[in-house]
There are 2 protein chains.
Amino acid sequence: MEGDSTLQLRVFDLNCWAIRYLSKRRQERMRLIGDVLLQECFDLILLQEVWSEQDYSDLKAKLGGCYPFSHYFRRFTILDTLLYQYSLNGYPYMLQHGDWFCGKSVGLVIIKISGIIFNVYVTHLHAEYCREKDAYLPHRLVQAWELAQFIRHTSKAADVVLLGGDLNMHPDDVGIRLLRGWTGLQDAFAEAKHFEGCKDGCTLIPNNCFTIKTELLPFPLGIRIDYILYKVTGAISSFMVKCEELKTTTGSAPGRDIPFSDHEAVMATLHIRRQREAASATLSTAEPALVDVVTEARTEVGVGLRAAQRQRYSTGRLAVLALLLLLLQAVAVLGTLAGLGGQPFPKLSFSLLAFLAVAILLLATGLHLFHTIEVKMLQGTEEQMRMALRVLQEQPSDG
Amino acid sequence: MEGDSTLQLRVFDLNCWAIRYLSKRRQERMRLIGDVLLQECFDLILLQEVWSEQDYSDLKAKLGGCYPFSHYFRRFTILDTLLYQYSLNGYPYMLQHGDWFCGKSVGLVIIKISGIIFNVYVTHLHAEYCREKDAYLPHRLVQAWELAQFIRHTSKAADVVLLGGDLNMHPDDVGIRLLRGWTGLQDAFAEAKHFEGCKDGCTLIPNNCFTIKTELLPFPLGIRIDYILYKVTGAISSFMVKCEELKTTTGSAPGRDIPFSDHEAVMATLHIRRQREAASATLSTAEPALVDVVTEARTEVGVGLRAAQRQRYSTGRLAVLALLLLLLQAVAVLGTLAGLGGQPFPKLSFSLLAFLAVAILLLATGLHLFHTIEVKMLQGTEEQMRMALRVLQEQPSDG
């Protein structure tokens, strides 16, 4: 990129909802996604929920000609990659929600296009199953915080940062405000010169035949939870990024009667330009607001911490009770063997009771251990946020 | 730090072996560690295996005057912190080894001393329980690789990188060579001008009353698995770091008859100096050797991958068998209810068998899921190493 010429970058982001045996018409949709990506030739494709190895290698084979560098799919040489696993991600026993088993994380890919270093992040945060009583809010906030910290710590040598993914948060939620405030990332939808797609940029809409209509009842237009965010890095950057156009699909794939996924795709056209004069980034203007956001997030993490402490206590108590029951049974058996007791116990119910006690003991111990780790992680995040607040509050007096 | 003046930094590193109920004379040793740290006033204290919250807060209270910034303990303002959890860390069912439950990770603390930005990393990798047949080698290699990647990606804005911890690897092991080669970190023991302590810098020695003598039989002098490593960052750095002195304890705490821990403490005195002329770091000289090391590590990860794939297969088969047994039992019950069968089954053994089948089904499904994740993580690391090799092998042709 010479002088003032502009680099155009077309980015495609989609939560593919491609879970074997669970996602409807998966193979048909994955073929469709491959077809469209092959036709359109985006510069950068960020996909989430491609769970099957087979789907991934099929896509890789299909798109190999147009997008030689996959991990996910890109037209430019990948310099390096890194994966960061969030420390909390729901509960293993919430089988119906299943997020815990998916092991949510954020992937980083570093690429160089026309001499500009791009740090591209892809992620998927914990789902929100009930907005009124969102038990996963503290975990999602820990993830948003860790995502923000991971981006801040790994992007110091990058010129441009891009983040795409299903963040499972509405645009005004505390987690999004925390992520944007703490990293300085800008929302492509809010900044776009031209927009085409679902009203308010929604990506989970009642018009999509795969969405669960009852979940969207409070939101007749749908909700916006899939994002493309970007920023230039460094206090003084010699680049600027503008979002020329943002598009979403509107309930079906272009020219077809079925959608790509239960989520709409988000497609952004970004213009990256080298500036004649380096301009200082204006991240620090919003700092008083940032203090409020971090404080709000910290309060929610604290609520989650107290809930986790209660669960740690009650699972510990349950384990102790099961152990006592087992000891009692052992004493009864020994008593009978020594000829002290009266009638012997009915064998079947006695052994079933022992089996039950062992099962409860194992389960309760496992859960106690799990909640102990949860408490440590929530405490750690609260402590980190406290430290961040101290740094934020000290800054004005330095200046 | 003005002009050519030298900053002296005294670093203390110790695996404290402070696990409640399990570690011998824990409270006495933690008090002793606190006492010595209070007397000596190091600049930076990196502790591992302080598992109890109580021990941590006791230390924090005791050392608060001398080391106001803890997380772990430091005499300088902490700018920021980050924790990275390794994606693999042993097996949950290896209860006797217990590493899985400890959730191994690497902590990063960013501090500024005399205008120099230090990225300080503390970690503890998976233990080696049997050197001849080390089943955890692939997991430890994944950890060493992730540690190296994490350091590379997060240290780009740092002037000096310090890493301390129990790496559970001997100095010539492939994991250490990988970590050092891929990051450019230097070994304080190898670089030290003056050394005082156990022969060969060993940190797990037969002379320590808490070590298990049988494990050290093949190594009469002991082994060196605790390290302090350092480097200056950037292709052109304006700083240089020298290790003036390295000390280890020798089986007992200074002036006492019991040791701090089952590990010896490592204490380094580093001199950091701003250079008049910026010197380019000489990381790229060892690149042909680095290709060999990454190839060797990748081969070992591949061995682990195939073992994980076998375990994924056998646990999946076990789950299917247990399910078949349950179905068979259900058919038998239905047959008896319909009056088709001959004699009814003895109730006790029949229900115990069903219970057993359910238990095996649950366990095998859980393990199958665990090994599926293990396979994905090992594949991911192998793929990253493959990419790193491509980049390394392409470099000479660029120059």
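The values are calculated or read from the model by the stated rules, or taken from the named source; none is laboratory data. Bear in mind the structure is a predicted one, so any value in this text is a computation, not a measurement. In this analysis, Cβ positions are derived from the backbone assuming ideal geometry, glycine residues included, and neighbour counts consider all displayed protein chains. Side chains included, ligands, DNA and RNA excluded: accessible areas come from the protein's heavy atoms. Shrake-Rupley method; radii C 1.70, N 1.55, O 1.52, S 1.80 Å.
Remarks
- Residue in region A:107-129 that is open to solvent by 20 Å² or more (accessible area, probe 1.4 Å), modelled with pLDDT of 90 or more and of a type in the set (D, E, K, R) present: no
- Yes/no for B:Asp80 being in a strand (DSSP E or B), at pLDDT below 90 and in contact with a strand residue (DSSP E or B) (Cβ under 6 Å, 6 or more places away or on another chain): yes
- Among the numbered conditions (1) part of a strand (DSSP E or B); (2) without any contact (Cβ under 8 Å) to a residue 12 or more places away in the chain, the only one that B:Gly255 does not meet is (1).
- If you go through region A:359-371 and keep only what is buried (at least 17 other Cβ atoms within 10 Å of the Cβ) and either of a type in the set (A, V, I, L, M, F, W, C) or at the interface with chain B (Cβ under 10 Å from one of its Cβ atoms) (or both), you end up with A:Ile360, A:Leu361, A:Ala364, A:Leu367, A:Phe370.
- The single condition among (1) in a loop (DSSP other than H, G, I, E, B); (2) open to solvent by 70 Å² or more (accessible area, probe 1.4 Å); (3) at pLDDT 80 or above that A:Glu28 does not meet is (1).
- Residue in region B:22-36 that is in contact with a Gly (Cβ under 8 Å, 6 or more places away or on another chain) and either among the small types (Gly, Ala, Ser) or not assigned by TED's automatic domain parsing to the domain that holds B:Ser238 (or both) present: no
- Among the residues of region B:162-194, those identified as open to solvent by less than 10 Å² (accessible area, probe 1.4 Å) and among the aliphatic types (A, V, I, L, M) are B:Leu162, B:Leu163, B:Leu167, B:Met169, B:Ile176, B:Leu178, B:Leu179, B:Leu185, B:Ala188.
- Taking region A:137-161 as the range and being in a loop (DSSP other than H, G, I, E, B) and buried (at least 24 other Cβ atoms within 10 Å of the Cβ) as the test, only A:Ser155 passes.
- Members of region B:151-169 that are away from every other protein chain (no Cβ under 14 Å) and either farther than 23 Å from B:Val50 by Cα or basic (Lys, Arg) (or both): B:Val160
- Criterion (in contact with an Asp or Glu (Cβ under 8 Å, 6 or more places away or on another chain) and at pLDDT below 80) met by exactly one of B:Arg10, B:Arg75: B:Arg75
- Of A:Phe189, A:Phe210, A:Phe219, all but one fail to be modelled with pLDDT of 95 or more, among the aromatic types (Phe, Trp, Tyr) and either at negative phi or assigned to a loop (DSSP other than H, G, I, E, B) (or both); the exception is A:Phe189.
- So A:Lys347, is it under 39 Å from the mean Cα position of the chain (by Cα) and among the charged types (D, E, K, R): no
- Here A:Gly165 meets the list (1) part of a strand (DSSP E or B); (2) at pLDDT below 90 almost entirely, failing just condition (2).
- For B:Val109, the criteria (1) more than 16 Å from the chain's Cα centre (by Cα); (2) part of a strand (DSSP E or B); (3) more than 14 Å from every other protein chain (Cβ to nearest Cβ) hold in every case but one, which is (3).
- The number of residues in region B:316-358 that are within 14 Å of another protein chain (Cβ to nearest Cβ) and among the β-branched types (Val, Ile, Thr) comes to 1.
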